[in-house]
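Notes for the one structure printed next.
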Amino acid sequence: MRNLKLSHLILWTCLACGALSPGLVFFPSSAFAAGCGSMEAVSQLIKDAKIANRTTSLWESGEWGGWEKKIQAALKESGYKGDVIKVTKSLRRNLDHRLLKPALGARSAEVAEVAQVQTSQASANAAARASYLKMDPSFPLERKALKSLETFRKSNPTVYENYMKWEKRVEEKGLMEVRKIPGYHDEPLQQLSRAGQHSVRLNNGYRVFYKIDEATGKMVIVDVNLHKY
C-alpha cells in the first residue's frame, strides 16, 4: 500500500512538472512500475496517440474519444487505482500543446511579416502624402479657391491631398476620363448661382467646384468648400 501511494505521488509530480520520457508523452512508465503493474500497453497506446497527433489535433479531428477510452481501459487493466479521467485529460492538454508549438511559431513569423509589410506601406503612404502637400495647384484658380486650398494645406491636409490627387489624374488622363470615376461623382450643378459649374467629391464632406472657360476651353477651379451648395 505504501508503494502504491508512492507511485501515485511520483505520477502526479511528473504530471505537474511535465516530465517526459522517450516512449511516453508526459509520464514515464517507471512511475507506475513501483506499484501499478505493467504499463507496457499504456505506454504503447500513448506512443501511438503521440504519432497520430503530430499533424492534426486528435481533439479537433474528433478522434480523441476513441483513444481516451482505450487508454483509460488499459490503465484500469494494469491495476492503476488513480483517477484515469484526470490522467487522460492531462494527456490531451499535453498533446495539443506539443502540436501547437510549431503552429504558434509559424503564426508569429507570419504576423511579423505582415507587420513589416504594413510598416513599409505606411512609410510609403506618408512619403506620398508629404509630396502631395509640397505640390502647388497647376490649374487656374479663382481667388476664393486659392484661399481655401492654402487654408486646407495647413489645417486639413487630407482635403488638400485629395485635391492634388484629383488634379494629377486630370492632368494624366484628361478631364473626360476622370469624370467616369464613380467615386468623384463629377456632376453638373443646377443652381443658378453655380450655373455652368461641376462639383467633384473629395470626401464625404468636401467638394471642388470647377468650370470650363468658354474663351480658352481650359478648366478653372472656382472653389473648394464644405458642401455649402
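The values are calculated or read from the model by the stated rules, or taken from the named source; none is laboratory data. Since the structure is predicted, the reported quantities are computational estimates derived from the model, not experimental observations. Note that we place each Cβ from the backbone using ideal geometry, even for glycine, and neighbour counts take in every protein chain shown.
Being modelled with pLDDT of 75 or more and either more than 28 Å from the chain's Cα centre (by Cα) or among the charged types (D, E, K, R) (or both), is that true of even one residue in the range 117-130? Yes, the range 117-130 contains at least one residue that is modelled with pLDDT of 75 or more and either more than 28 Å from the chain's Cα centre (by Cα) or among the charged types (D, E, K, R) (or both). Quick one: in the range 139-166, of everything that is of a type in the set (Asp, Glu) and surrounded by 15 or more Cβ atoms within 10 Å (Cβ to Cβ), which residue is farthest from residue 223 (Cα to Cα)? The selected residue is 161.
Looking across 216, 158, 151, one residue alone is more than 25 Å from residue 125 (Cβ to Cβ) and at pLDDT below 95. It is 216. Of everything listed in (1) without any contact (Cβ under 8 Å) to a residue 60 or more places away in the chain; (2) surrounded by fewer than 20 Cβ atoms within 10 Å (Cβ to Cβ), the single unmet condition for residue 213 is (1). Against the conditions (1) of a type outside the set (Ser, Thr, Tyr); (2) surrounded by fewer than 18 Cβ atoms within 10 Å (Cβ to Cβ); (3) free of Cβ contacts under 8 Å to residues at least 60 places away in the same chain; (4) farther than 21 Å from residue 227 by Cα, residue 170 satisfies every one except (2). In the range 72-109, of all residues being under 20 Å from the mean Cα position of the chain (by Cα) and of a type in the set (D, E, K, R), the one that is modelled with the lowest pLDDT corresponds to 101.
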